[in-house]
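Here's the structure, in structure tokens; my notes come after.
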Amino acid sequence: GSCWHQCCSGRNNACWATGARQGRCYCDSYCERTGDCCEDYRAACRRAAVGCTVGPWGPWSGCSSLCGVGSEARSRQVTVPPRHGGEPCPDLKQRRGCLGEHPTCGRAK
């Protein structure tokens, strides 16, 4: 089978060609996980693949609670989006717990 006519990203059951012995082979990026890629998949599709690139993490936000348990968050941006079945983007946001300890907390009644 040949992928020269199409390359698809992700899992796409409509992205196939007739392979050896009249069976189907696939030209979607998921075929690498399942092992059912067409013979020319790498040459036709992976050469053009561009994996996601992300920038550095930004700073953590302040704690969402002035007094007691809260959360902080940070994020990063996509600098190069994935194309042609390249690696998908990793998480762009993170969250962690924090404990708000504002000076006025001890005086609260």
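The values are calculated or read from the model by the stated rules, or taken from the named source; none is laboratory data. Worth saying up front: this structure is predicted, and the values here are computed from it rather than measured. Counting neighbours? That spans all protein chains shown, and the Cβs are built from the backbone with ideal geometry, glycine included. Please note that ligands, DNA and RNA were not included when accessible areas were found on the heavy atoms of the full protein model with its side chains. Shrake-Rupley method; radii C 1.70, N 1.55, O 1.52, S 1.80 Å.
Relative contact order, whole percent, for the chain stands at 24, derived from Cα pairs under 8 Å and 6 or more residues apart.
The 1.4 Å probe gives accessible areas that order Arg42, Arg21, largest first, as Arg21, Arg42. With the biggest extent put first, the Cα atoms of region 1-100 measure 68, 22, 16 Å across the principal axes. Each label point was placed 7 Å from the Cα along the Cα-to-Cβ direction; for Arg24 and Arg74 their separation is 4.4 nm.
Mean separation of Cα pairs under 8 Å and 6 or more residues apart, divided by the residue count, gives region 1-48 a relative contact order of 41 percent.
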